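Engineer: Dropping the structure in here first, questions after.
The values are calculated or read from the model by the stated rules, or taken from the named source; none is laboratory data. Because the structure is predicted, anything quoted here is derived from the model rather than measured. Here the Cβ positions follow ideal geometry from the backbone for every residue, glycine too, while neighbour counts run over all protein chains shown. Calculation scope for accessible area: heavy atoms of the full protein, side chains included, ligands and nucleic acids excluded. Shrake-Rupley method; radii C 1.70, N 1.55, O 1.52, S 1.80 Å.
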Amino acid sequence: MLTNEILQALKGYAANMQKKVTFVLQEGAHEKRDELASFLSGIAGVSDNLAFEERDLGGVLRSPISFLLEADGEDTGIRFSGIPAGHEFNSLVLAFLHASGTDIKLDDSLQRMVANAQGELNFEVFISLSCHNCPDVVQALNQFALLNPNITTEMIDGGLYQDVVNERDIQGVPSVYLNGELFANGKVTAAELIDKLLEHDPSIAQAGAGEKMPLQDVTVIGGGPAGVSAAIYSARKGLKVTLIADRIGGQVKDTMDIENLISVKKTTGPELSGALQAHMNEYDVTVKEHLKVTRIDNGDIKTVVLSSGEEIDTKTVIVATGAKWRELGVPGEKENIGNGVAYCPHCDGPFFKGKDVAVIGGGNSGIEAALDLAGIVKSVNVFEFMPELKADKVLVDKAESKANVTIHKNVATKQITASNGKVDAIEYVDRETEQVHTLPLHGVFVQIGLVPNSDFLDGVVKRSRFGEIEINEKCQTSEEGIYAAGDVTTVPYKQIVISMGEGSKASLAAFEYLMTQSDRLDALYESKSNTGEQKESAVA
């Protein structure tokens, strides 16, 4: 498990550790304990600042294959139950590096919010070692524990604790519990964990309330292809740029295989997200990740208010918050995204060549998806909730003429099942007879519409009846100084390459606007600031 190459890399990572970190393994007997002990002692052997001990912790930990991290003899609040291999190996490495003094890469306002949380907060994260989303959650909560002594967090390998998984009826990972109660499950981001923490303890929002950044030329909202393109193009023009995102990569990060990004034969969502981050890091862009925008106050100078309470005054805004696929909300959907559950037939259809799939949704997008897939896959079963299809007749006629397309009307999807980490069937109910059917298959394409991430713009700019931001050919919205790009807009065809172009276009349009308006806006901001200072002085 620990190759010489891995050990050499760990040795390099540990070279700058500022504190001694000890892996403390609970004493006791378990068939996996020797393997875990060997694993931890092997890691500890790469540095004098790492140590491994076996100790009776008096019931603090879950089992003999549980261990905690101490930094200079103090409990960090970080626990692992199981062997953090696979995708979770990085979680362990980052945990001991952060515990030893390596900077935590959370925004300062977020760090203050987490540190401000009151009362005991004991998190449990049930994971699978093959889950590519689980480490994001584990790593975020590990950082929370290091920021606040009231917080503990435990990674639990569900495969080794089936009794607990069955007791809590856990059907997917990651599943996060707080003080024994379900806190979050399915595909959650660090930003969503922060939002849920805010719901649990609204007082922590006061940590960043009223804080302001210097005036920005461009504030980009969204960290996907459109947002990152807008930020890079703006920075290349020498503008002061801030990008706000719940996560870099956005929805792209959840796409496992990408083969239609021109000039790149094949990549994955995580790889592309990493490339977007690396490219943006080459420029002077202030990035505020794991945060959301709660509102935008209009005016010549816009004020962008963040979920942390922080405010950003800016001359222009580029909204690139994308859209999310409308979800079914049935068991097995979120848990199997990327493992048989998909939302884009153009992107993911080729990976189901010669296999049986289902399309959920009988509108135009659903029938179009079925037609696209029919030429690739073995069979397509279309499921429509209503007694009749909603798609245009010409599309329905084409679908019905395909020998490998079967249409099921007046049915409701009950659940999506999986085995060995891959979708294997769909359960659905005939709404007339109430009879439950199971259809074996390999993939499920959900096509019940897109939901633009634009609710925070209610009353700020014009939106279509579908919630998309209305833009012109220069990505201008109905509000002067506010631009929009990508999937959140009315631009047709929601594709990565199109979003990149739209983000670049929005940036160039904002720059064109600033060429004539920047001096005027600077004067307005200075006048506003002086007035504010005079009011503060008068109050004092």
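Engineer: Apply 1/(1 + (r/R0)^6) to the Cβ-Cβ distance of Asp201 and Ser419, taking R0 = 56 Å, and write down the FRET efficiency to the nearest 0.05.
Structural biologist: According to the calculation, E is roughly 0.90.
Engineer: Projecting each Cα onto the charge dipole of the chain (Lys/Arg +1, Asp/Glu -1 at the beta carbon, about the Cα centre), which of Tyr483, Val188, Leu276 comes out farthest on the positive side?
Structural biologist: Checking the options against the dipole of the chain, the answer is Tyr483.
Engineer: Can you compute the helix-only [θ] at 222 nm over the chain? Use -39500 (n - 2.57) per DSSP H run of at least 4 residues, normalise by all residues, nearest 500 deg cm²/dmol.
Structural biologist: Helix-only estimate at 222 nm: -9500 deg cm²/dmol.
Engineer: Within the accessible area of region 182-255, what % is carbon and sulfur when the probe is 1.4 Å and the other protein chains stay in place?
Structural biologist: 47
Engineer: Hey, another quick one. When ranked by the protection proxy of mean other Cβ atoms within 10 Å per residue, highest first, what sequence do the peptides 76-83, 452-459 form? Let's see the in-between values first.
Structural biologist: Values: 76-83: 25.4, 452-459: 17.2.
Descending packing order for the listed peptides: 76-83, 452-459.
Engineer: What dipole magnitude, in Debye to the nearest 20, does the chain give about its Cα centre under +1 on Lys/Arg Cβ and -1 on Asp/Glu Cβ? Spell out each step's value before the answer.
Structural biologist: Working: 49 positive and 77 negative charges, 284 e Å.
In debye, rounded to 20, the chain gives about 1360.
Engineer: While we're looking at this one, here's another question. Give me the lysines in straight-line cross-link reach of Lys398: C-alpha distance below 19 Å, same-chain residues under 8 apart excluded.
Structural biologist: Counting by Cα, and skipping residues close in sequence, Lys398 has these lysines nearby: Lys378, Lys390, Lys409.
Engineer: What is the antiparallel percent of DSSP beta bridges lying wholly in region 104-262, to the nearest 5?
Structural biologist: Expressed as a percentage, antiparallel bridges in region 104-262 total about 40.
Engineer: Toward the positive end of the charge dipole of the chain, about the Cα centre and with charges on Cβ (Lys, Arg +1; Asp, Glu -1), which of Gly12, Leu395, Val220 goes farthest?
Structural biologist: Looking along the dipole axis, the top candidate is Leu395.
Engineer: Would you please put 355-364, 471-480 in order of how densely packed they are, using the mean number of other Cβ atoms within 10 angstrom per residue and starting with the highest?
Structural biologist: 355-364, 471-480
Engineer: Given the pairs Lys324/Lys505; Lys196/Lys302; Lys315/Lys474, which span a C-alpha to C-alpha distance of over 26 angstrom in this model?
Structural biologist: Lys196/Lys302
Engineer: Between Asn185 and residues 5 or more places away or on another chain, which pairs have amide H atoms under 5 Å apart, with H built 1.01 Å from N, and which residues are they?
Structural biologist: Val176
Engineer: Which residue, chosen from Ile360, Gly59, Cys134, occupies the Cα position most advanced towards the positive end of the dipole of the chain, where the dipole is computed from +1 (Lys, Arg) and -1 (Asp, Glu) charges on Cβ about the Cα centre?
Structural biologist: Ile360
Engineer: Can you give me the % of accessible surface on region 4-155 that is carbon or sulfur? Probe 1.4 Å, all protein chains present, nothing else counted.
Structural biologist: On the way: 2730 of 6400 Å².
Carbon-and-sulfur percentage of accessible area, whole number: 43.
Engineer: Which of the following values of Rg and Dmax of the Cα atoms in Å was calculated from the structure shown: (i) 24.5, 75; (ii) 25.5, 80; (iii) 26.8, 87?
Structural biologist: Given (i) 24.5, 75; (ii) 25.5, 80; (iii) 26.8, 87, the structure-derived one carries the label (ii).
Engineer: How large is the accessible surface per residue of region 317-371, computed with a 1.4 Å probe and reported in Å² as a whole number?
Structural biologist: 34
Engineer: Just for region 289-391, what percent of DSSP beta bridges are antiparallel, to the closest 5?
Structural biologist: Just about 55 percent of them are antiparallel.
Engineer: Among the aspartates and glutamates, which have Cα under 19 Å from the Cα of Lys32 when same-chain residues fewer than 8 positions away are ignored?
Structural biologist: Partners within reach: Glu53, Glu54, Asp56, Glu88, Glu154, Asp157, Asp163.
Engineer: Please work out how much length the chain gains when fully extended from Asn404 to Lys353, using 0.36 nm per residue of separation minus the C-alpha to C-alpha distance, in nm with one decimal.
Structural biologist: Stretched fully, the Asn404-Lys353 segment lengthens by 17.1 nm.
Engineer: Find the relative contact order for the chain and round it to a whole percent, using C-alpha pairs within less than 8 Å whose residues are 6+ positions apart.
Structural biologist: In percent, rounded to a whole number, it is 11.
Engineer: With a point put 7 Å past each Cα toward its Cβ, work out how far Asp372 is from Met1 in nm, to one decimal.
Structural biologist: Rounded to a tenth, the inter-label distance reads 4.2 nm.
Engineer: Fully extended, how many nm does the chain gain between Glu282 and Ala412 (0.36 nm per residue separation, minus their Cα-Cα distance)?
Structural biologist: Difference between extended and current length: 41.9 nm.
Engineer: What aspartates and glutamates does Lys355 reach when the alpha-carbon gap must be under 15 Å and sequence neighbours fewer than 8 apart in one chain are set aside?
Structural biologist: Leaving aside aspartates and glutamates fewer than 8 places away in the same chain, those within reach of Lys355 are Asp372, Asp424.
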